[in-house]
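Asks: Submitted below is the structure of interest, expressed as structure tokens.
The values are calculated or read from the model by the stated rules, or taken from the named source; none is laboratory data. Treat the numbers as computed from the prediction; the structure is a model and nothing was measured. Don't worry about glycine lacking a Cβ; one is built from the backbone with ideal geometry, like all the others, and counts go over all protein chains shown.
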Amino acid sequence: MKASVLIVTYNQEAVIGQTVESVLTQVTDFDYEIVIAEDCSSDHTRAIVCEYRDRFPDRIRLLLREQNLGLMRNLPQSFLECRGQYVACLDGDDYWTSPHKLQSQVDFLDAHPDCSICFHNALMVWDDAAQPPVLHSPPGRRPTYTVDELLTHDFISTSAAVVRNHLVREFPSWFTSLPVPDWPFFVLHAMHGKIGYLDEDWSVYRQGEAGAYCRLAQEKRMEQNVNIIRVYRDALGPEWRSLLTNALHSRCLRLALYYRQLGNKRRAKEFARFAVRESGPSPLHTWRAALKVFMYMHLPGLAGLIARHRGACQAEAPVEPAHQNDARSTLAEHCAH
């Protein structure tokens, strides 16, 4: 079996049909299976996927959970049951927009044996249409990335990725302690090879209501990502500790500035303290971090001038890098209007 398409779904009766149809329309020169992991939905999702299985028994294989596992357990368990040489991931509420997506990514991985992941851009679409669609990846993305970059920034949309199978055969205990499975899932695969990028938007990444997303998602995601990176630092080997400590310091400082801008002084002070605490183990690291945090919080003009003078504005300033893939800056502009 050349490829498996893994669809993990729960209570998505309104959209799961479009998801499955977008896979059935794929045009390939190889055989592939569609593995649907239905997590004991309380709506009609199970009936819908069973109907698709009955219509396409040679293509669709169902994993029908007897009780709800939750995404953090359902995804890894279902992934390990995929039989393809490659596994394409597809959330049950997203869908693909090109019939050549699967063929193109499999061809890429065949031609690049040093890559463990291939991903592309995705179009973020809001259910209430209150906000225009936004590309998940900003312009200027490079053709390849490494695990170092993925450890510090989550830039892969789940339904845009294909991974090389059989590189990860078990999931560590810390995996299920995290709030989301996709970022650590791709980190574990990126430890076995490079990450290739195709500059195409071949999938739609559904969002909830734009108003709620704009009000709540930015701080929730930023704080959630701080906690995820902290787990990475504590769980992975010492070779990653310095990289992840720097990432924690930067993200905490970014959150302090974010909350200061919102006028939330309590949260701003809290994350300013975190930024100092997460700066490193030595007193010198702590002293330098405290000085840096003070300048960014109270003397932002001076901090920017020093950073530019050192020629290291991108490395030092608490701003998302150009290859950050959650489109926060673009979303912020939309939410401001």
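Asks: Under the condition of being under 14 Å from the mean Cα position of the chain (by Cα) and polar (S, T, N, Q), which residue from the stretch 123-160 is farthest from C89 (Cα to Cα)?
Replies: It comes out as T152.
Asks: Considering only the stretch 229-337, give the helices (runs of 4 or more DSSP H) lying wholly within it that have at least 1 residues that are over 27 Å from L150 (Cβ atoms), of a type in the set (A, V, I, L, M, F, W, C) and at pLDDT 70 or above. Outline the logic, then answer.
Replies: On the way: elements: 241-262, 265-277, 283-298, 300-309, 313-316, 328-335.
Because the criterion is at least 1 residues that are over 27 Å from L150 (Cβ atoms), of a type in the set (A, V, I, L, M, F, W, C) and at pLDDT 70 or above, the helices (runs of 4 or more DSSP H) in the stretch 229-337 that meet it are 241-262, 265-277, 283-298.
Asks: Sort out which residues of the stretch 43-57 are assigned to a helix (DSSP H, G or I) and either in contact with a strand residue (DSSP E or B) (Cβ under 8 Å, 6 or more places away or on another chain) or outside the structural domain of D93 (by TED's automatic domain parsing) (or both), and write them in order of number. Spell out the reasoning first.
Replies: Keep residues of the stretch 43-57 that are assigned to a helix (DSSP H, G or I), which gives 45-55.
Result: T45, R46, V49, C50, Y52, R53.
Asks: May I ask you to list pairs of residues, at least six apart or on different chains, whose Cβ atoms are under 7 Å apart, with the first in the stretch 26-38 being within 20 Å of G70 (Cα to Cα) and not assigned by TED's automatic domain parsing to the domain that holds L90 and the second being modelled with pLDDT under 95 and of a type in the set (A, V, I, L, M)?
Replies: Correct list of pairs: empty, since none qualify.
Asks: Against the conditions (1) at pLDDT 95 or above; (2) surrounded by fewer than 16 Cβ atoms within 10 Å (Cβ to Cβ), where does S177 fall short? Just the number, please.
Replies: (1)
Asks: Take the stretch 78-92 and flag every residue that is hydroxyl-bearing (S, T, Y) and touching a helix residue (DSSP H, G or I) at 6+ places or on another chain (Cβ under 6 Å). Give the derivation first.
Replies: From the stretch 78-92, those hydroxyl-bearing (S, T, Y) are 78, 86; that's our starting set.
Once the filter is applied, which keeps residues that are hydroxyl-bearing (S, T, Y) and touching a helix residue (DSSP H, G or I) at 6+ places or on another chain (Cβ under 6 Å), the stretch 78-92 yields only Y86.
Asks: Sticking with this structure for a sec: With the condition being under 15 Å from G193 (Cβ atoms) and touching a residue at least 40 places away in the same chain (Cβ under 8 Å), I'd like the helices (runs of 4 or more DSSP H) fully within the stretch 61-168 carrying at least 3 qualifying residues. Lay out the reasoning, then the answer.
Replies: Values: elements: 71-79, 101-111, 147-152.
Here the list reads 101-111, 147-152.
Asks: Now for a separate question. In the stretch 27-42, is there at least one residue being in a helix (DSSP H, G or I) and surrounded by 16 or more Cβ atoms within 10 Å (Cβ to Cβ)? Explain how you work it out, then say what you get.
Replies: Looking only at the stretch 27-42, we keep the residues that are in a helix (DSSP H, G or I), and these are none.
No: zero hits.
Asks: Inspect the stretch 192-200 for any residue being part of a helix (DSSP H, G or I), in contact (Cβ under 8 Å) with a residue 12 or more places away in the chain and of a type in the set (A, V, I, L, M, F, W, C) and give the result as yes or no.
Replies: We begin by selecting, within the stretch 192-200, every residue part of a helix (DSSP H, G or I); these are none.
Scanning the stretch 192-200, I find no residue that is part of a helix (DSSP H, G or I), in contact (Cβ under 8 Å) with a residue 12 or more places away in the chain and of a type in the set (A, V, I, L, M, F, W, C), so the answer is no.
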